[in-house]
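Please treat every number below as a calculation from the coordinates, not as lab data. Owing to the predicted nature of the structure, the values given are computational and were not obtained by experimental measurement. Methodologically, a virtual Cβ is constructed for each residue, glycine included, from the backbone with ideal geometry; neighbour enumeration extends over all protein chains shown.
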Amino acid sequence: MSKSLPISRVRNIGFIAHIDAGKTTVTERALYVTGRTYKIGQVDLGTAVMDWMPQERERGITITAAATTAQWRDHQINVIDTPGHVDFTAEVERSLRVLDGGVVVLDSVAGVQPQSETVWRQADKYHVPRICFVNKMDRVGADFERTIHSMRHRLNANPLAVQMPIGQESEFEGVFDLMGERAYYYRNGGPSFEEGPIPSEHVEDFRRYRDAMIERIVETEESLMIRYLEGEDIPVDDLKNALRKATIAQQLIPVLCGSALRTYGIQPLLDAVLDYLPSPADVPPVEGENPDTDELEVRPAHPNAPFSALAMKVTTDPYVGRLVYLRIYSGTVNSGAMVYNATKGRRERLGRILQMHANHRQEVEEISAGNIAAAIGLKNTFTGDTICDQDNPVILEPPTFPAPVISLAIEPITQADRDKLIESIGKLVEEDPTFIVRHDEETGQTIISGMGELHLEVFVDRLRREFGVGANVGQPKVSYRETITTPARAQGRFVRQTGGHGQYGDVVLDIEPLDRGEGLVFENRITGGVIPQQFIRPVEQGVKQAAENGSVAGYQVVDMKVSLVDGSFHTVDSSEIAFRAAGSMAFREAFRKGKPILLEPIMEMEVVTPAEFLGSVLGDLNSRRAQIQTIEGGDTIQQIRVLVPLAESFQYAGILRSITQGRASHSMEFKYYQPVPSGHTQEILNR
């Protein structure tokens, strides 16, 4: 960030949406309009600047979050273009953790879609203020008011239209600005437009929309409400200031519209980013924990405050090596400075500092509060780590990521590939926290796990292309879970006598089922000296180790509470090893008594199909054990929302294309785990 540019003139925003809503196209047009790029990148042609990976250009989707910086109205806008596919939701998660505002892009035909709901919940989780851009207003079936209604209905949001479309579908030619009371026509195609007054034939509708907008804005501020009720004509600047406050407080969501492909409505969208979304100074100071005292620490967004930054992402660049993306929350840091990784408790040298434009780099000497940049040289800093001033340590809250739901086996083709595979997988694991690798001791296979088929497919493709690793992969495998259905108690005694110093550990555990999503909870209920305090932790370690493999099919155990209630020890022979083993033995025995069951991941799927194929689609879904939730639509298009087991969804895209002549589409996201129906458990175990 330029030293002369005050932090109030900085915006850190992300474009977030369902796949194919047009996020990357909006980003490309914004970069062109701001002068950041000299020609418009096209997603379909593989020339989009922000989709720079070969896999992104070939598939026409965003896979990794890309960062860039643009200038507009003497402001600096740091932009992150995020993926829309559910398999890459981790990119959205870590982006929203460090952003101050978001632009949610919605398809004017489809309205709010499943991944739109997911990113909305993620933005709620990190308290990110938002504005909405209703895209594709020139498409057949576009409906601005229906999209706003779907925001209220499916997002439980409070949208406020600050624009009206001038026509829609093939007659869409611009927007009415309800604030400025002006019309913007893109009659000759974007990005240039003509500005003019509201035509007389639209004045009545315009007044109705504008009055409704003003009423909802003044409701958020008492002083404005009094002036409004007294009949005063509220100035536009006062309305904008009130709407800005309401947007930052997440009371209202300003909604704009346009067509990104034709560059309609992009300039007003950029104006809205500056007018309504917060600068780093407008959001509350970041809070963290002092690692030495465990006390709360507050870091104001000021260049002269103690330095603190959160590592949001790690990537491997073929030219400069390991890059760590940082959001600077406070202070200033220079290239070559020594910084303190408070998460790891070690010092590191921050080498070069780079401002990123997708995969292009511009070196800068320093970076200060409120900015996003990449650093070279932080070899021991990973996603979620905090780096800071060693004299003022703080650990900031890291982003959280969902657990992977699908796995497959991977093995090198040749002996030469073996070492390269281990090294390459290590680099990719650093980049993606939702990518998990483990070694199966029983089969000797390397198992990789991710968020979906596409996630793993892209991962394997990157191994082969970027790292030159020859590898074979097995069929996808679902990550099931195990749990219990009834409380149980068991004792575990580990006794070994070998003639000298022996081993002795004795514990009694109670287990009970918890609600779905609660995980594994360990609690010590022992009072007094039945078991010395130093052996409690080993018991917990033994329990968690045993919970990695349940007794039904060897899957991870979840959603149960384990309580240590009794036991005994030997003054000479007891040890941490003995109590760890006793805890493991007691857990396995109690788990067998608890009537264990298998849990399977359930996906929420939305299928959009021409009405003539509705019967065929429903028939196929029923054969996949799908639970129909809703069927909506008109005479031509039907939207079906279902819950379907992940195991039944493999290769669904090809089947759907086949039964609908390629005219239907679908999307899905992980919903929750639920018990496998009794009639299907043995079938799953036999796979």
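Some values worked out for this structure:
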{"quantity": "Chymotrypsin sites (Phe, Trp or Tyr not before Pro) lying in DSSP loop within the stretch 621-687, provided at most 16 other Cβ fall within 10 Å", "calculated": "F650"}
{"quantity": "25 Å Cα-Cα threshold exceeded, pairs from K420/K671; K379/K420; K23/K125; K125/K245; K544/K595", "calculated": "K420/K671"}
{"quantity": "Cβ charges +1 (Lys, Arg) and -1 (Asp, Glu), total dipole of the stretch 406-479, debye", "calculated": "120"}
{"quantity": "Cα-centre dipole for the chain with unit charges at Cβ (Lys and Arg positive, Asp and Glu negative), debye to 20", "calculated": "1560"}
{"quantity": "Length gained when the stretch R121-N380 is fully extended (0.36 nm per residue, less Cα-Cα span)", "calculated": "90.1 nm"}
{"quantity": "DSSP-assigned coil residues among GluC sites (Glu not before Pro) in the stretch 234-322, each with at most 13 further Cβ atoms within 10 Å", "calculated": "E295"}
{"quantity": "Tensor-based shape of the stretch 423-478 (alpha-carbon gyration tensor, a/c under 1.5 rounded, otherwise prolate or oblate)", "calculated": "rounded"}
{"quantity": "Relative contact order (percent, whole number), the stretch 8-276, Cα cutoff 8 Å, 6+ residue spacing", "calculated": "19"}
{"quantity": "Positive-end extreme of charge dipole, the chain - chosen from I413, T400, Q122 (charges on Cβ)", "calculated": "I413"}
{"quantity": "Fully extended contour minus Cα-Cα distance, from D294 to Q651, at 0.36 nm per residue", "calculated": "123.6 nm"}
{"quantity": "Taking the stretch 213-341 and dividing mean pair separation by its residue count, relative contact order in percent (alpha carbons under 8 Å, at least six apart)", "calculated": "14"}
{"quantity": "Burial ordering of L564, L520, fewest other beta-carbon atoms within 10 Å first", "calculated": "L520, L564"}
{"quantity": "Equivalent ellipsoid semi-axes, the chain, via Cα gyration tensor eigenvalues times 5, rooted, Å", "calculated": "48, 32, 26"}
{"quantity": "Tilt relative to the chain, helix 453-466 - C-alpha long axis, 0 to 90 degrees, to 10", "calculated": "90"}
{"quantity": "At R0 = 51 Å, FRET efficiency that the Cβ-Cβ distance of V530 and M338 yields, to 0.05", "calculated": "0.55"}
{"quantity": "Point-charge dipole on Cβ atoms (K/R +1, D/E -1) for the stretch 599-685, about Cα centre, debye to 20", "calculated": "100"}
{"quantity": "Positive-end extreme of charge dipole, the stretch 8-276 - chosen from G14, Y185, V255 (charges on Cβ)", "calculated": "G14"}
{"quantity": "Rg(Cα)/(2.2 N^0.38 Å) for the stretch 60-162, N = residue count", "calculated": "1.10"}
{"quantity": "For the stretch 158-312: rounded, prolate or oblate by the Cα gyration tensor [a/c cutoff 1.5]", "calculated": "oblate"}
{"quantity": "Residue exposure sequence - D107, D510 - by fewest surrounding Cβ within 10 Å", "calculated": "D510, D107"}
{"quantity": "Separation of alpha-carbon centers, the stretch 509-561 and the stretch 244-293, rounded to whole Å", "calculated": "44"}
{"quantity": "Cα gyration tensor shape of the stretch 482-595, rounded if a/c is under 1.5, else prolate or oblate by comparing a/b with b/c", "calculated": "prolate"}
{"quantity": "The chain: angle of helix 415-431 to the longest principal axis, Cα-based, in degrees nearest 10", "calculated": "60"}
{"quantity": "Relative contact order (percent, whole number), the stretch 78-157, Cα cutoff 8 Å, 6+ residue spacing", "calculated": "33"}
{"quantity": "Alpha-carbon centroids, the stretch 110-137 and the stretch 328-398: separation in whole Å", "calculated": "30"}
{"quantity": "Rounded tilt (10° steps) of 614-623 against the dominant C-alpha axis of the chain", "calculated": "10"}
{"quantity": "Trypsin sites (Lys or Arg not before Pro) restricted to the stretch 184-213 and DSSP loop, no more than 11 other C-beta within 10 Å", "calculated": "R187"}
{"quantity": "Computed FRET value (nearest 0.05) for V565 with Q629, which takes r as the C-beta separation and R₀ as 45 Å", "calculated": "0.60"}
